Amino acid sequence: MKEKSFMLGIPLEEKDILNPNDVLDRLKGAEGIEIRTSFLEDGKMVVQADVLGDTYTMEAWPEEFTVPEFYRVQHIFPDLDFKALKTAKCVLVTSMEFGDDPLASYHAQLKLLDAMLPDKLGVLDDSSEKILSPMWVSLQAASQIHPSPNYIFTVQAVGGEDGRVWLHTHGLSRCGITELEIIDSNANTYQSHYHVISNLASRLLEMERLEPKAPLFLGRLSNRVDLVVTLVPWKEAVSLYDNNMLGGLNDRQEGHNGDTSCIFVYKNERAFKKGKYQPVSIHDKLLAENPLYWLSNEETDRMKALAAERISYMTRAWKDGNVQILIKVGLQVDPQYRDETNEREHIWFELLDLCEDGTHFEARLTQEPYYIAGLHEGATGRYGFEEITDWLIFAPEYRISPDDVYLMEAFPTAYNDELN
């Protein structure tokens with residue numbers, strides 16, 4: 001069963017959220033939102049609206065609130081703005097049930113909240129326990145491209161005195177998906193385990209459902225070893241461990257005892273057929289050696305669309321100078337490797353120059369391809385903007401991806417030392 005999604009807007013001025021008619025008027029005037037019904041009920045605004053091709057019902061109301069210390073700060077804030085955010089005492093709460101598409105639903109809630117409260121210090125995604133930049137929220141609300149799946153959830157790492165680390169997610173339950181855990185991590189391995197849990201969460205957001213004990217190919221650990229994961233309900237999983245260990249049975253009295261599953265792996269096909277799943281830690285050595293995680297065509301297309309939508313930020317940074325830029329290009333793989341799930345290899349190039357025609361660039365390959373025999377690290381070439389699937393700007397103070405262009409708006413003189 002889906003839990004409702006809660007997002008909280010922190011107003012620049014408290015008066016902006018106290019009059020419900022003012023809040024509703026702002027929403028009714030917003031582009032891309034069509035209000036079907038709106039009314040007040042028990043002090044709450046109830047709105048049914050068409051957003052991004054679907055219909056949602058949202059409740060909203062002002063409430064006293066203090067930002068919890070453990071919330072993850074997802075974005076970078078100016079110091080004064082963050083101090084004001086941390087001391088704020090009042091928020092506009094929005095509550096909404098997601099539809100069938102989690103990313104579209106998340107995007108829709110951001111658009112509705114941004115329309116209700118355009119002037120804000122920040123947004124608290126209460127369901128995933130994240131603090132979001134107001135500028136990022138406004139840019140995302142105006143975008144035609146859904147946000148990254150990583151925004152739906154947060155992976156928290158809880159450490160124990162014995163060096164153990166318990167990883168678990170928050171935010172997936174609003175999508176009707178089991179929360180995820182790895183309970184056998186430690187201080188040396190939790191970062192590579194984080195990538196396992198994060199990549200699996202993103203994959204599950206695109207799937208109908210992964211049944212318990214069913215295998216899922218998540219990536220490639222080496223040329224010979226695949227990463228095949230499975231989900232085990234927490235009650236069965238904790239029975240394999242000491243009750244008193246971090247994340248064990250005794251840690252489940254007040255929380256993490258609902259719809260949550262632990263991640264295990266099948267070492268090979270024989271292990272799957274025998275139902276012999278093992279801890280993720282059996283792959284720790286290979287997980288530390290830059291494994292290749294599988295990306296769906298849908299996610300690759302989303303990243304490519306966002307990179308294209310915000311390409312002007314990349315070209316602007318290059319023309320301003322004093323930056324290094326990497327560009328990911330999707331190139332067709334050799335025929336013997338080609339199939340419906342592996343048509344292009346997405347590989348990183350260093351930008352050398354922008355061509356005068358405004359649609360091409362020259363770049364140097366920074367890595368050795370897996371599936372293109374005739375192309376090698378260090379090779380230079382000319383490529384079209386339409387082949388770009390991602391890009392990264394390495395500025396003096398920040399690394400800026402298409403998702404991070406809010407930094408160029410929030411800190412217009414900080415991303416490049418030469419800007420005035």
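The values are calculated or read from the model by the stated rules, or taken from the named source; none is laboratory data. Being a predicted model, the structure only gives us computed values, none of them experimental. Virtual Cβ from ideal backbone geometry, glycine too; neighbours counted across all protein chains shown. Ligands, DNA and RNA are stripped out before the accessible areas are found, and what is left, the full protein with its side chains, is counted by its heavy atoms. Shrake-Rupley method; radii C 1.70, N 1.55, O 1.52, S 1.80 Å.
Looking at (1) more than 17 Å from the chain's Cα centre (by Cα); (2) at positive phi; (3) touching a residue at least 60 places away in the same chain (Cβ under 8 Å), which is the one condition that is false for residue 129? Residue 129 satisfies all of (1) more than 17 Å from the chain's Cα centre (by Cα); (2) at positive phi; (3) touching a residue at least 60 places away in the same chain (Cβ under 8 Å) except (1). Where helices (runs of 4 or more DSSP H) fall entirely within the range 166-285, those with at least 1 residues that are within 26 Å of the chain's Cα centre (by Cα) and within 30 Å of residue 70 (Cβ to Cβ) are at 190-204, 234-238.
Note on the range 79-110: residues that are open to solvent by 20 Å² or more (accessible area, probe 1.4 Å) and of a type in the set (Ser, Thr, Tyr) amount to 1.
In the range 1-98, counting only strands (runs of 3 or more DSSP E) that sit wholly within it, the ones holding 3 or more residues that are in contact (Cβ under 8 Å) with a residue 60 or more places away in the chain and under 25 Å from residue 154 (Cα atoms) span 5-11, 90-96.
Within the range 276-307, the only residue that satisfies the criterion of being exposed (fewer than 15 other Cβ atoms within 10 Å of the Cβ), closer than 30 Å to residue 394 by Cβ and touching a Phe, Trp or Tyr at 6+ places or on another chain (Cβ under 9 Å) is 292. Quickly run through the range 28-51 and pick out the residues that are at pLDDT 95 or above, within 30 Å of the chain's Cα centre (by Cα) and open to solvent by 70 Å² or more (accessible area, probe 1.4 Å). 34, the sole residue that qualifies.
If we keep just the residues of the range 321-375 that are among the small types (Gly, Ala, Ser) and open to solvent by 30 Å² or more (accessible area, probe 1.4 Å), which is nearest to residue 220 (Cα to Cα)? Result: 373. Residue count for the range 138-165 under the criterion of being part of a loop (DSSP other than H, G, I, E, B) and charged (D, E, K, R): the result is 2.
Look through the range 357-409, keep the residues that are small (Gly, Ala, Ser) and part of a loop (DSSP other than H, G, I, E, B), and return whichever of them is farthest from residue 292 (Cα to Cα). Among those that are small (Gly, Ala, Ser) and part of a loop (DSSP other than H, G, I, E, B), it is 358.
So that you can scan it fast, the table gives a plain yes or no per residue for (1) crowded, with 16+ Cβ neighbours inside 10 Å; (2) touching a residue at least 24 places away in the same chain (Cβ under 8 Å); (3) in contact with an Asp or Glu (Cβ under 7 Å, 6 or more places away or on another chain):
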position	(1), (2), (3)
241	yes, yes, no
252	yes, no, no
255	no, no, no
274	no, no, no
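Restricting attention to the range 210-239, the residues that are within 23 Å of residue 156 (Cα to Cα), surrounded by fewer than 18 Cβ atoms within 10 Å (Cβ to Cβ) and touching a Pro at 6+ places or on another chain (Cβ under 8 Å) add up to 2. For residue 411, indicate whether it is among the aromatic types (Phe, Trp, Tyr), more than 29 Å from residue 298 (Cβ to Cβ) and either surrounded by 15 or more Cβ atoms within 10 Å (Cβ to Cβ) or within 24 Å of the chain's Cα centre (by Cα) (or both). Taking the combined requirement at face value, the residue satisfies it. Does residue 113 qualify as being buried (at least 17 other Cβ atoms within 10 Å of the Cβ), in contact with a His (Cβ under 7 Å, 6 or more places away or on another chain) and not hydroxyl-bearing (Ser, Thr, Tyr)? The answer is no for residue 113. Could you please find all residues in the range 257-272 being surrounded by fewer than 14 Cβ atoms within 10 Å (Cβ to Cβ) and of a type outside the set (D, E, K, R)? Once the filter is applied, which keeps residues that are surrounded by fewer than 14 Cβ atoms within 10 Å (Cβ to Cβ) and of a type outside the set (D, E, K, R), the range 257-272 yields 257, 258, 268. In summary, residue 396 fulfils each of the numbered conditions (1) surrounded by 13 or more Cβ atoms within 10 Å (Cβ to Cβ); (2) under 25 Å from the mean Cα position of the chain (by Cα) with the single exception of condition (1). Checked against the criterion of being of a type in the set (Lys, Arg) and under 26 Å from the mean Cα position of the chain (by Cα), the candidates 328, 319 yield just one match: 328.
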